[in-house]
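Have a look at the structure below before the remarks.
No value in this document is a laboratory result; all are computed from the given coordinates. Worth saying up front: this structure is predicted, and the values here are computed from it rather than measured. Cβ atoms come from the backbone with ideal geometry, glycine included; neighbour counts cover every protein chain shown.
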Amino acid sequence: EGCSTPNFEQKPITMALPEGKNAIFRAMVSGEPRPEVQWHRTSGDLSDPNKYKIFSQPRSKEHVLQISKLTGDDTDTYRCLAVNEYGEAMCSARLTVIEVGFRKNRKRHNEQQEGRLCLTLPMPLLRAPPPPPEKKMDLEQVWQLLMNSDRKDYERICMKYGIVDFRGMLRKLQEMKKEHRNKMAQYVNAISNLRHIKVTKDGLATFDLELDLKDFESKIYLYKDGEMIRYGYGNETKYCLRRLGKRYIFHIQDLRPEDAGIYQVKVADVEVFSTELEADAIPARVVNPLAETRCEVQEDAVFECTLSNPCPHAFWQFQHRPLLPSDKYEVSVSPDGLTHRLVVRGAQHSDMGLYSLSTGLHSSRAWLLVEGETTKVGLDHRLKGRAAYEDDLGDLGTQGYGSERDNRDGLTGPSCVYLGPSGPFSQGLADMEVKKGEEALLSCTPTSDLVPGAWFKDGVKLTAQDGVIFEQDGPNYKLRIPQVQETQAGKYMFVAGDYMSEATLTIREPPTIAQDMLEKLKEPLVVKAGKTVAVKIPFSGESPVQASWRKDGAEVEGGSRGAQLDQGDNFTRLCLSSATRKDSGQYSVRLRNAGGSVEAQLTLEVIDKPQHPQGPLKVHYCQGAGINLSWQPPRDDGGRALLTYMVERQQAGRTSWLKLGETPGNVTTFSDTGVEEGKKYTFRVRGVTSEGSGEALVSEELLVASEARPRPPPAPTITSATSQGITLTWTAPKGPGSAHLLGYVIEKRKKGSNTWTAVNDQPVSERKWIVTDMLPGCQYEFRVTAVGASGPGEPGPPSDAVFARDPMKPPGPVRDLQVTDTSHTSITLSWARPDAQGGDEVQGYLVELRSSDSLQWSRCHPGTVGGTTYTVKGLRPQEAYFLRVTAVNDGGQGQPTTLDTCIQAMPASIFPKFLMDTTTTDCVTVRSGDMVRVPVSFEAYPLPEVIWLKDGLPLSKRTVTTIKDGLTQLLIPVASLSDGGLYTVMLRNLQGKEVTYSFVIRVSASPATPGPIRLEENVPGTVTAVWEPPPDDGQGGLLYYTVLTRSSACVAWQEAGDRIYTNHFTLAGILPGHQYYFRVVAKNELGTSEPSDTTEPWSVPRQQDKFMVKMPNFKEPNLSQKPYFLVNLRTHLLPQGCECCMSCAVKGEPRPRVTWFKDDESLEGNPNVYSTDVLGVCSLVIPSVTPKDSGKYKAVAENKLGQAVSTATLIVTDPYSE
């Protein structure tokens, strides 16, 4: 419990770094117990401690591999392996080292240019780099992707994943869609408006769909490449879900190359939508940013930037202006499309400034510093202060800054030295962040008297026209910006002489909500219960903005059954699909970004009908004053003040309610004087507001009486019963109203009747009564009602039923008690009714038993047994029991009759016998090679010995016999002719007595082939075929023959004679000059033999007469023609391993000669292919194609008049390659 296999929460990423840098691979590994992590590389080891450093914190999941001072030999694939006792996990990342030797020695630049291929093209003509290799995808995910794609995308997806059988794909896709619809029907009513992944210009990937779920709380899962990924409901997670009604919108933020793949949405365990994020759709990120470059005047300056994935539309800028390739600027891209390179030829001081590479979403910037003696003041001072500059800017020092203004007013004069507090500035400029619209103040204080200074922004000198204010308070220089805007963010410098101080001004724009919206939110939002509530709050501010909703201080979770949260680029929305009273309260939304936060509040009031008043509803009856009702106000009035309470009454036995009246909302009592004594009533009360009447509070049923009525007496007791009368006694009731009774009223009814008849007209004071008015032989029930001063009470329960007749005598003992059947768990008894002279008529019987070791008798059944047979069940096998039967009637039980002996629970002995029916036969005929199964049923107890014999001898090992539950079976798996014979089954019991049953099995087969056929001519014009009988007739019944013939005029075999029982056949109507062939087939009931054919045909020579033919003279036409193709070659797309046959049809006279070529190389003598030419149809066959066979094929047809050419392309795909 609590243990798990290793898992990579964060995998190392592929990197491309320049020579001399350090590479760091990071992996986050989880697992319990903590896995052991090892790093490896494909070529070589990691044993050099100075080169490779592997470390991790003791309780951290992060594991790091650092490779120092990269060289070209470090280009390799590095693997991270995590192992614990429950399993292992592995991932890999590629490291590409970019060799940049020109940085080591700029003097070798011209030498390095020789032999180097540099792509210098105008920016619009730069070709896109080759796409990254496709990763191998699970075919099941590809099929799911096809099911959710448009038909126009089928061909693209099939080509991408190597599916070449397009028609087979369509058939399989149709079957999968039908099966998929059946699975989805368990959870989804309908799915529509599927929108596949789109990547916005801001680098956000979105896809959405509409789902009509059968269960709103069904779990929805997100998978990537078959692995489940977690998602949230806000912008703080990488994967987030926003749900608005039935629409589900998924977002993927911070896109990286590893995010490419197939994404699937599942409801429970059923996949409902698949879409693919293409790798080329992910915006390129900067992996290795631009670095500051220095060079001498007239030297070449080189900038290099490595991106995460190819970006054909990346472009260079200088001072925020597009830079076009020319003789001055050389732009190139590495073959893998990742590294972009800019060479500035013959750098001058005018080229010094900010250079940047932009992909549209991300960019990298760096400075170019040109050094030389041609400047007014050298740049050596700048080199001395560069270390302090990098310390202040940190990582931003490699990114650089720029300006939209021209560089002419910038630092073209002497270079400046930046010094911190230890230099000429006692207080230098400090980085600061200011909210948009606020005042920004930059100040610095020199330590000594310096020459007057100037202020610069992003290298451009500032003036009063730029909206800034310059101030000087003694040695303190200040730059004041009254109301900062986004365009005023950047790097500011104060330059005095040869010294300068720098700082970065960052403008933060906190989220804001329009004032008119805040005014609207001050008014409470009132909605009726059951309606949809949608609160949309627009905002503005710096992205990203995170919105969090709270209700009465508790956070509102998006995606729950009640609340749905949605957020766009400039709005946030709260939606309640069906508002209830519980949703009322104080709501607040907080918008937060890097610049600050803002909060808005609103009040939601959900109004509804009131709940029922709080109970119980108290009902009091006062003699002469009627009914008094009282209750408590409802716990929830529905958000509206109670106007009145409505009081209603229902009389017992009626279905309608009578409105009694209304009371004000602050009065919770009511009096009803319109009730009648002796009747029952029910009351109910409901609250009424402006929204209508609410639920009702109902009272218990109340009987209205002047005084308490007597309680019902207990059921009367029958003390004696005769045909003349039945004596009853009872006890007095207890409780209110029973103290002073006037008497009792006795009622009777026949059993089964619903009508009660009073026995006495006036109440009787005694608690005993004899009922005389009855029909003899009938069965009666009685009840008693107490009568008090307030009237009669409720009747008491009825008595037991009793017959109005004289007492009966018990019956006599049963006769002829005997055991008719026994088993391991039961014994069946039968008996005769008692003698009529021994007592009155029997009404039933009692069956009792006791075990042989017990003296206690126990009844075997509830009640009595009506018949004269009974089976005692549930006995223990082999246990001995005594049994007895007793006759009973209303007079009591008679004398029991007991079996003389102890009966053992076991079946009775049965002599063995066979059970024959109409399906039993004495002869079984089977075909040779078939399976034989002969079941034989028998009856015997105990189970006898079963013996099988064949022809009086034991069976061979080839046969199998089984015995089970009165059935024995003979099984011959494969019958042969030797298995035929007389089979006997013998049953032998323990006493040695035997009984047998015999049957015959006959095994037959098809006859053998008849002997050779001999042809004879006994009568002219006829031929007689004679053959030898087959050596084996198969024992399949009567043998006969079928004769078939064919002639030179008709090549098909035709039946000449059937059911021929002799071994010869005569065919008449022989025609001269024709050849005749004969075939004989032997047949029996089980089949047909192999045919016997004649070796030589029978023929009669034809007599021919001589005649003369005079041939006409004619001139041979000229049919010469140059070659041309009737059918041209066509392009073939085949998977690896298939046979390829390229065919074409060519015509020409004389017949042209066809030669085959591949990529303009002749294929003559190539052992891997062969060609054919049949009547002008020419084919080139490749038995098993490989990727090397891909190319352009050509067929050249030539004769003396000319030649013709037909070309085609062969494409061989490998479905198993990545």
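Rg and Dmax of the range 613-703, both derived from C-alpha coordinates alone, stand at 13.1, 42 Å. Across the range 914-1049 the C-alpha pair distances fall into 5 Å bins from zero in the proportions 2, 8, 15, 15, 13, 10, 7, 6, 6, 5, 4, 4, 3, 2, 1, 0, 0 percent. Computed over neighbours whose Cβ is under 11 Å from that of residue 1094, the net charge equals +1, Lys and Arg +1, Asp and Glu -1. Count charges around residue 203 for me, please; just the other residues with Cβ under 11 Å from its Cβ, Lys/Arg as +1, Asp/Glu as -1. For residues surrounding residue 203, the net value is 0.
For the range 277-345, what is the Kirkwood estimate of the hydrodynamic radius, computed as the reciprocal of the mean inverse distance between distinct Cα atoms, to one decimal in Å? List each step's numbers first, then the result.
Values: mean 1/r = 0.0758 Å⁻¹.
By the Kirkwood definition, the hydrodynamic radius is 13.2 Å.
For the range 1013-1099, how big is the tail of P(r) above 22 Å, as a whole percent of Cα pairs?
Result for the distance tail: 25 percent.
A protection proxy built from the mean count of other Cβ atoms within 10 Å ranks the segments 1135-1148, 1001-1014, most packed first, as 1001-1014, 1135-1148. From least to most packed, judged by other beta carbons within 10 angstrom and beginning with the fewest, 492, 1061 follow the order 1061, 492.
Ordered by the number of other Cβ atoms lying within 10 Å of each residue's own Cβ, fewest first, 808, 493, 500 fall into the sequence 808, 493, 500. For the chain, adding -39500 (n - 2.57) for each run of n ≥ 4 DSSP H residues and dividing by the number of residues yields -1500 deg cm²/dmol at 222 nm.
Which entry in (i) 32.2; (ii) 47.0; (iii) 35.1 matches Kirkwood radius over Cα pairs in Å derived from the coordinates of this structure? Evaluating Kirkwood radius over Cα pairs in Å on these atoms matches (ii). Dipole of the range 910-1004 computed with +1 at Lys/Arg Cβ and -1 at Asp/Glu Cβ about the Cα centre; of 912, 967, 940, farthest Cα towards the positive end is 967. When the alpha carbon gyration tensor of the range 4-99 is reduced to an equivalent ellipsoid, the three semi-axes, largest first, read 25, 12, 11 Å.
Kindly provide the trypsin sites (Lys or Arg not before Pro) of the range 839-883 that DSSP labels as loop, not H, G, I, E or B, and whose Cβ sees at most 12 other Cβ atoms within 10 Å. Sites meeting the loop and neighbour criteria: 873. May I ask for the distance between the Cα centers of the range 821-896 and the range 1008-1030, given as a whole number of Å? A separation of 88 Å, based on Cα centres. All other residues whose Cβ lies under 12 angstrom from that of residue 806 are scored, Lys and Arg at +1 and Asp and Glu at -1, for a net of 0. Compared with the direct C-alpha span, the chain from residue 155 to residue 857 gains 243.9 nm at full extension, assuming 0.36 nm per residue. In this calculation the C-beta distance from residue 1055 to residue 927 is compared with R0 = 25 Å, giving a FRET efficiency of 0.50.
Sorted into 10 angstrom bins from 0, the C-alpha pair distances of the range 717-793 split as 18, 49, 27, 7, 0 percent. Protection proxy ranking for 237-243, 47-53, using the average of other Cβ atoms within 10 Å per residue and placing the highest first: 237-243, 47-53. Exposure proxy for 509, 217, 1085: other Cβ atoms within 10 Å of each Cβ, ordered fewest to most, give 217, 1085, 509. Under the combined filter of DSSP loop state and at most 16 neighbouring Cβ atoms within 10 Å, the range 766-847 retains these GluC sites (Glu not before Pro): 766, 841. With R₀ fixed at 22 Å, the C-beta to C-beta distance from residue 819 to residue 914 puts the FRET efficiency at about 0.20. When DSSP beta bridges are limited to those with both residues in the chain, what percentage is antiparallel, rounded to the nearest 5? Of the beta bridges lying entirely in the chain, close to 90 percent run antiparallel.
Each peptide among 907-914, 245-252, 467-474 gets the average number of other Cβ atoms lying within 10 Å of its residues, and from highest to lowest they stand as 245-252, 907-914, 467-474. Start at zero, step by 5 Å, and the Cα-Cα distances of the range 765-818 spread as 4, 12, 15, 17, 13, 11, 8, 6, 5, 3, 2, 2, 1, 0 percent across the bins.
For residue 516 and residue 229, a Förster radius of 51 Å and the Cβ-Cβ distance give a FRET efficiency of 0.80, rounded to the nearest 0.05.
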